[in-house]
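One structure, as structure tokens, below. Some questions next.
The values are calculated or read from the model by the stated rules, or taken from the named source; none is laboratory data. Note that the structure is a prediction, hence the values are computed from the model and not measured. These accessible areas exclude ligands, DNA and RNA; they are computed on the full protein's heavy atoms, side chains included. Shrake-Rupley method; radii C 1.70, N 1.55, O 1.52, S 1.80 Å.
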Amino acid sequence: MESGARAGLQTAAQTAAMVAAQERRRKADEARYKSGDGTGTGTGRGGEGQETIYRDASGRIINVAMKRAEARREEEEKKLKEEAAKEALMGDVQRREREERRQQLAEAKVMPLARTAEDEALNEELKAQQRWNDPAAQFLTKSTGPGTSTTGKPLYKGGFQPNRYGIRPGHRWDGVDRGTGFEKEWFAARSKKGRLEALEYEWQMDV
């Protein structure tokens, strides 16, 4: 056997010889480990400073540093592909808004901590914001040009089904509404809710 033991019945002398041989082998292994000649992990005395050697299934040595560098490179490539996929899904307006946010963050570094009501830049920024439920939006909203969007592209000049964001179709739209009717139901639900709230208020006043 690998351990030096013999199969079958053994005499007392054979057993004693086997035990002595195992003890000598154990002491030899300990001496070799303490002297640094063993193939330990380098965590014991005499093995300090030794680098662990990794091998694959075929017995070839694995370069750990190279494997880690490859893993980091693959992770970076994966992140770049994800960012490219997100970039491809973004529209012109989203890209413009992202660039504006970046510019605002850069300007915020030199901006004073407290912004008061006299801050002209803040006032202009608040005025420029478009709100779908603003009743004065059609009078105050600044337009980039006749029949053009915020990106400067031409818009559809005919009639269209209104939506909650107030977005007009592009000039290439054929006039066919291919939606699911959600916007129409959304407006109807808000209108119904407003009527119910008004009636409930009137009932409370009558009581």
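Put LYS86, LYS78 in order of accessible area, largest first, 1.4 Å probe: what do you get?
Descending order: LYS86, LYS78.
Another one. From the C-alpha coordinates alone, can you work out the Kirkwood hydrodynamic radius of the range 54-111, in Å?
Result for the range 54-111, one decimal place: 15.2 Å.
Distance between Cα centroids, the range 155-201 to the range 52-67: provide it in whole Å.
Each part's Cα centre sits 64 Å from the other's.
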